[in-house]
Amino acid sequence: MTRFDNYINGAWVAGASTRPNINPSDISDVIGDYAQADAAQTAEAIAAAQAAFPAWATASPQVRFDVLDAVGNELLARKDEIGRLLSREEGKTLPEGIGETTRAAMIFKYFAGEALRTGGEVLPSVRPGVGVEVFRQPLGVVGLIAPWNFPIAIPAWKIAPALAYGNCVVFKPAELVPGCGWTLADILSRTLLQNKEFRGVFNLVMGPGSQVGQTLVESPVVRAISFTGSVATGRRIISACAGRQAKVQAEMGGKNPLVVLDDADLAVAVNAAVQSAYFSTGQRCTASSRIIVTAGIHDAFVEAVVNKLKTLKIDHALKAGTDIGPVVDGKQLEQNLNYVAIARKEGGQLAFGGEAVERDTQGFYQLPALITGTTNAMTISREEVFGPVANVIRVADYDEALAVANDTEFGLSSGICTRSLKYATHYKLHAQAGMVMVNLPTAGVDYHVPFGGSKGSSYGPREQGAYAREFYTGVKTAYLQAG
Ligand code: NAD
C-alpha cells in the first residue's frame, strides 16, 4: 500500500499514524495510506510557516504569479488523472471530478493574476504637506480547514488567494478525501516554493479535526482561519477565533430553497431541481433541498421530476454513463436514510427513491429521494441532510413561496423558476441568501465572483474573486510628510 506523507517545511514527513483512503464506490479499493499528524506535528508546520513569512511577504508579485500559474497549468494538464482520483476518493462522477479539477486550475490562474493587482490608494491629507496612503499587507500564517465534498475546488479557493496575497499556509484537508489535497501539495512542492528561502510557505498537514484543526484554531501564531464545513464545527471555530482576536471566515450549511412558480418553464424548473438537488449526490452546500412549488404547477412538476429520476443511473462513480455516484461513506448514507424515515413519520410521502441499493461493487449507493406533502415546519425542511434527498412544499402563490423560502436559519443560495420579470426581480432583492439564482440550479457558481451566504450559513468576509482580498489581507494607513 502506498504511503502518502505530510509536507512540512519543504520536506515530506511521516505522521504519527496513517489512515486508509477508501473508495465509496467500492470499499475493497483502498487508494492509499495517508499520514495523520498529531498536535505536535501541526505545531511544527505552524512554526515553519511563521519562519517563512518574512521572505514570502516581501517576495515579488512575479514569483507569486509564477507559483500559482504553474499550479493552474499542471492541474489543467493532468485534469483527467486528478479528476479520476477525486471521483475515486469522494464518489462524484468522473465528468464531475474532471470539471472540479478544471475549476481548481482556473482558480489558481485567476489568483496568479490577482497577485499582480493588489494596489492601494493615495489620498490627499486634510493637513497641508502630508500624504496619505492606504495599502494592503498579508496577515502572516493562515490555517485553512476544508470539508470532504469538494476535495480540490475548496482547497484551491483557500490556498490560491492565501498565497497570492503573501500569506504562509498550513492546510488541513478533510479526513475522508486527503488524496486531492496531497496532490496539490505535491504540485506546489515542485514550483518556486522549493527554493530554500520559501520552504515552509506552504504546509500540508493531514489528520483529525480534533488534533490538527484544533491546534490551528488555538495557535496564537495563526492569524486567520478559513473554514468550510458543518455548522456545529464552524460555530465552535468562530468562538475560539473571536476569543483570541484571530480573523475567521466560515462557510457552513444550507437548506437552500428552489421556488417554482406556475408560470415557470416546466423543463427549466425540472432541470434546475434535479441538477441541484441530486447531482454530486446532493452533497453540495448549495444543493436545493426544499422545493417550494405553487399549486397550479405542483402536480405536473412532481410527475416530471419523478419521471426524470427514473431515468438516472446510480452506480460506480467511474463507470461511463453514471449520473449519480455513491454517498461519501456509510455514516452519511445512514443519516440520509434516517432523514427520509423521519420525513415519512412526520407525514411526508415518498414520491421516489430514498432507499439503499446494491451494485456490482460494494459501496454506499442510494436512490435519490423526493418527498412530497411536506410543510416547512417538518424536520426535513429545517435540517441539512447533505445527501440526495429533497422535499416539496406546496404553496398558494408567490408571496407565500417567498415567505417559506426565507423561513430558515440558513441563507446560502436561493433559487426561483419563473418567466415573470416582476417576480424574478422581486425575488432577487428579497431572497435572504448570499447567492440568488433565476431559472438556474441553486448549485453551480462562477469562480471569479464572491461566494458565500447570509444568516446561519456564513460568517466573515466572502471567499473567491477579488473579494477574497478582504479576508487574506490587513489594511494599513501611512501618513508621510517630507522631513
Ligand atoms: P465538518 O465540520 O465535519 O469538517 C470540516 C473540516 O473541519 C474537516 O477538515 C474536519 O476535520 C475539521 N474539523 C473537525 N473538527 C474540528 C475542530 N474541532 N477544530 C478544527 N477543525 C475541525 O464538515 P464535513 O462533514 O467535512 O463537511 C460537510 C459540511 O460542510 C456540510 O454541513 C456542508 O454544508 C458544509 N459545506 C459548506 C460549504 C459552504 O461553502 N458553505 C461548502 C462545502 C461544504
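The values are calculated or read from the model by the stated rules, or taken from the named source; none is laboratory data. None of these values were measured; they are calculated from a predicted model. Backbone-built Cβ (ideal geometry, glycine too); neighbour counts: all protein chains shown. The protein model used for the area step is the full one, side chains on, heavy atoms only, and it has no ligands, DNA or RNA in it. Shrake-Rupley method; radii C 1.70, N 1.55, O 1.52, S 1.80 Å.
Could you tell me how many degrees, from 0 to 90 and to the nearest 10, lie between the Cα long axis of helix 61-77 and the main elongation axis, the longest principal axis, of the Cα atoms of the chain?
40
Could you report the stretch 1-95's accessible area per residue, 1.4 Å probe, as an integer in Å²?
Working: 3920 Å² over 95 residues.
Here the per-residue accessible area is 41 Å².
Add +1 for every Lys or Arg and -1 for every Asp or Glu among the other residues with Cβ under 13 Å from the Cβ of Val212, and state the total. The partial results should precede the final answer.
Values: positive: Arg19, Lys172; negative: Asp38, Glu44, Glu175, Glu218.
Within the 13 Å Cβ shell, the charges total -2.
Please list the equivalent ellipsoid semi-axes of the stretch 308-375, computed as the square roots of five times the alpha-carbon gyration tensor eigenvalues, in descending order and whole angstrom.
Those come to 23, 14, 7 Å.
Under the 0.36 nm per residue contour assumption, what length would be gained going from the current alpha-carbon distance of Thr2 and Ala295 to full extension?
Value of the extension gain: 99.8 nm.
7 Å from Cα along Cα→Cβ at both Asn338 and Gln194: what's the point-to-point distance in nm?
It is 4.7 nm.
Can you pull the one-decimal nm distance between simple spin-label points at Glu121 and Ser454, each 7 Å off the Cα toward Cβ?
2.5
With the other protein chains left in place, how much accessible area per residue, in square angstrom, belongs to the stretch 256-438 at a 1.4 angstrom probe?
Spelled out: the 1.4 Å probe surface of the stretch 256-438, per residue, equals 39 Å².
Give, rounded to the nearest 20 debye, the magnitude of the charge dipole that the chain has about its Cα centre when Lys and Arg contribute +1 at Cβ and Asp and Glu contribute -1 at Cβ. Mind dumping the intermediate values first?
Details: 43 positive and 46 negative charges, 223 e Å.
Once rounded to the nearest 20, the dipole reads 1080 debye.
Give the dimensionless ratio obtained when the Cα radius of gyration of the chain is divided by 2.2 N^0.38 Å.
1.01
Any chance you could get the radius of gyration and Dmax over the Cα atoms of the stretch 52-162, in Å?
18.4, 65
Residue by residue, what Karplus-based ³J(HN,Hα) values in Hz, rounded to whole numbers, does the stretch 210-226 have, using 6.51, -1.76 and 1.60 with θ = phi - 60° and x for Gly and Pro?
Per residue, the Karplus-derived 3J(HN,Hα) values read 5, 9, 5, x, 4, 5, 4, 5, 8, 5, x, 6, 7, 7, 8, 10, 10 Hz.
Helix-only mean residue ellipticity at 222 nm, the chain, DSSP H runs n ≥ 4 weighted -39,500 (n - 2.57), per residue, nearest 500. What is it? Working shown, then result.
Working: 15 runs with 187 residues, N = 483.
That comes out to -12000 deg cm²/dmol.
What is the gain in length, in nm to one decimal, between Lys313 and Leu266 on full extension, counting 0.36 nm per residue of separation less the C-alpha to C-alpha distance?
Details: separation 47, 0.36 × 47 = 16.92 nm, distance 2.22 nm.
Taking 0.36 nm per residue and subtracting the Cα distance, the gain is 14.7 nm.
Below 8 Å, C-alpha to C-alpha, sequence gap of six or more: please give me the relative contact order for the stretch 321-449 in percent.
Working: 182 pairs, mean separation 23.1, N = 129.
Over the stretch 321-449, the number comes to 18 percent.
How large, in percent, is the carbon and sulfur part of the accessible surface of the chain at a probe radius of 1.4 Å?
53
At 0.36 nm per residue, minus the direct Cα-Cα distance, what do Gln214 and Val132 gain on full extension? Give it in nm, one decimal, please. Kindly include the intermediate steps, with their values, before the conclusion.
Values: separation 82, 0.36 × 82 = 29.52 nm, distance 4.02 nm.
Additional length available on full extension: 25.5 nm.
Looking at the stretch 256-438, I'd like the Rg to Rh ratio, where Rg is from alpha-carbon atoms and Rh is Kirkwood's inverse mean 1/r.
With Rh from the inverse mean 1/r over Cα pairs, Rg/Rh is 0.96.
Where does helix 94-116 land angle-wise versus the long Cα axis of the chain, in degrees 0 to 90, nearest 10?
30
So for each of 107-118, 436-447 I average, over its residues, the number of other beta carbons within 10 Å; can you give me the resulting order with the highest mean first?
The peptides rank, most packed first, as 107-118, 436-447.
Report, to the nearest 10°, how far helix 178-189 tilts away from the longest principal axis of the Cα atoms in the chain, using its own Cα long axis and a range of 0 to 90°.
30
Taking the simple approach of a point 7 Å from Cα along Cα-to-Cβ for both Ala57 and Thr361, what is their distance in nm?
Rounded to a tenth, the inter-label distance reads 4.7 nm.
Give me a comma-separated list of calculated 3J(HN,Hα) values for the stretch 396-408, in order, Karplus coefficients 6.51, -1.76, 1.60 applied at θ = phi - 60°, integers in Hz, x for any Gly or Pro.
Per residue, the Karplus-derived 3J(HN,Hα) values read 7, 7, 4, 4, 5, 4, 5, 4, 5, 4, 7, 7, 7 Hz.
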